[in-house]
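Please treat every number below as a calculation from the coordinates, not as lab data. Because the structure is predicted, anything quoted here is derived from the model rather than measured. Quick reminder, even Gly has a Cβ in these numbers, built from the backbone with ideal geometry, and neighbours come from all protein chains shown.
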Amino acid sequence: MLNSGKVLPKGQMRFGKNYTINISTSPVSQSIRGAYNLSDNFASKDTIYYNQQVEYMNAALLSYCLDPIGVNDELYFRYGLGRRFDLGFKNSGGSNAFDVQYQFLGSTKSVDQVESDKNGFYGSIGAQYSWQNYRFLNYRMFDKVQHIFGMDMSRKDITIPLIFSTSLGPEERVGCFSFGLVYSHSFIRYRIVPKNIYYANKISPELLEPVNAKVQYDAFGTFLNFKIGKKVVFFNLSLAVYYQDYGSYPMLGGTRKSLQGFTFIPSYGMQFNLIKKKKKAPSGKQV
């Protein structure tokens, strides 16, 4: 969460690049189990019989897709729509998102319209819609597991952030300190279609039935964000923490897996503001 409580003034643009590190307690525990049981020999077998090892790997793959561990680069863009509103787009790790933000507290002036040397305090609320498909996992361990399970997943998220910030310098001229709360609701749809996983207790080999499922879950979080720079160029440092109860998920063999845990997301990056030039009246006075 890189936004401050102050929206962009009308016509002003902002863009930047950020690096995020996703650390999730649920995927960590599940992935360790799956990794321990995974080997090249197992992945290359023509016939695999369903057992606890396969169940662990199924849980590892599922939990990784729900909340992947790793580092992502993030590109984003924002534009000031009008007084108290701005709009943004973000691409992060294959996920795309649009959001709109409304400022209900504090000044909406730009850095070129400073009327006081005092630091301001701002408050905003936003709404974000994001979507992502997991057809290929660019993580060296899970690409083999995904090949075994024939899994693909898609998700859509609706996120509501409540953001407050205090300015460093008038109208965030040299940065800000932001904090707030986040609520998110996720819609998950996934399919597992194994091609060579068979029941172990059958007289004759029989493929496991495919799994098609839809699941929804809520997440709650908080964040801190520090931005420092001057007027047009800033450095961001942020930390977000979420608690997520992912719910219960059908898996191969008729089993179900319940997942929950905390997710920690530290991030850092650069931000750039494109500020509209001031217009001048014929008399030379600003308008």
### Task
Compute the FRET efficiency between Val114 and Arg189 as 1/(1 + (r/R0)^6), taking r as their Cβ-Cβ distance and R0 = 45 Å, and round to the nearest 0.05.
0.35
### Task
Normalising by the residue count of the chain, find the relative contact order in percent from Cα pairs under 8 Å and 6+ residues apart.
21
### Query
Between Val7, Thr159, Tyr242, whose Cα lies farthest towards the positive end of the dipole of the chain when Lys and Arg beta carbons carry +1 and Asp and Glu beta carbons carry -1, centred on the Cα centre?
Val7
### Message
What's the longest uninterrupted piece of the chain once you rule out the GluC sites (Glu not before Pro) that are loop residues per DSSP with at most 13 other Cβ within 10 Å?
### Response
1-114
### Query
Near the amide H of Gly70, under 5 Å away, which other amide H atoms are found, from residues 5 or more places off or on another chain, if H is placed in the peptide plane?
Asn22
### Message
Please arrange Met251, Met1 by how many other C-beta atoms lie within 10 Å of their C-beta, fewest to most.
### Response
Met251, Met1
### Task
Would you calculate a helix-derived [θ] at 222 nm for the chain, using -39,500 (n - 2.57) for each DSSP H run of n ≥ 4 and dividing by the full residue count, to the nearest 500?
-4000 deg cm²/dmol
### Message
Suppose each label sits 7 Å from its Cα in the direction of the beta carbon; what would the Ser258-Asn96 distance come out to in nanometres?
### Response
3.7
### Task
For the stretch 13-274, build the charge dipole from Cβ charges (+1 Lys, Arg; -1 Asp, Glu) around the Cα centre, then report which of Ser95, Tyr198, Gln53 sits farthest towards its positive end.
Ser95
### Query
Helix 52-66: angle to the longest alpha-carbon principal axis of the chain, degrees 0 to 90, nearest 10?
20
### Task
Could you compute the FRET efficiency for Leu75 and Tyr243, with r as their C-beta to C-beta distance and R0 at 30 Å, rounded to 0.05?
0.60
### Task
Could you work out how far helix 25-37 tilts from the main Cα principal axis of the chain, as a 0 to 90 degree angle to the nearest 10?
30
### Query
At Lys214 and Lys45, where each label point lies 7 Å from the Cα along Cα→Cβ, what is the point-to-point distance in nanometres?
3.5
#### Entry: Additional length obtainable on full extension of the chain from Lys156 to Leu224, 0.36 nm per residue less Cα span
22.0 nm
### Task
For a footprinting-style exposure proxy, rank Val111, Val211, Val145 by other Cβ within 10 Å, fewest first.
Val111, Val211, Val145
### Message
With unit charges on the beta carbons (Lys and Arg positive, Asp and Glu negative) and the dipole taken about the Cα centre of the chain, which residue among Asn212, Ile188, Ser258 sits farthest to the positive side?
### Response
Ile188
### Message
Order these by the 10 Å Cβ neighbour count, fewest first: Asp67, Asp218.
### Response
Asp218, Asp67
### Cβ-placed point charges (K, R +1; D, E -1), dipole of the chain about Cα centre in debye, nearest 20
1420
### Summary
So the compactness index of the chain, its C-alpha Rg divided by 2.2 N^0.38 Å, takes the value 1.25
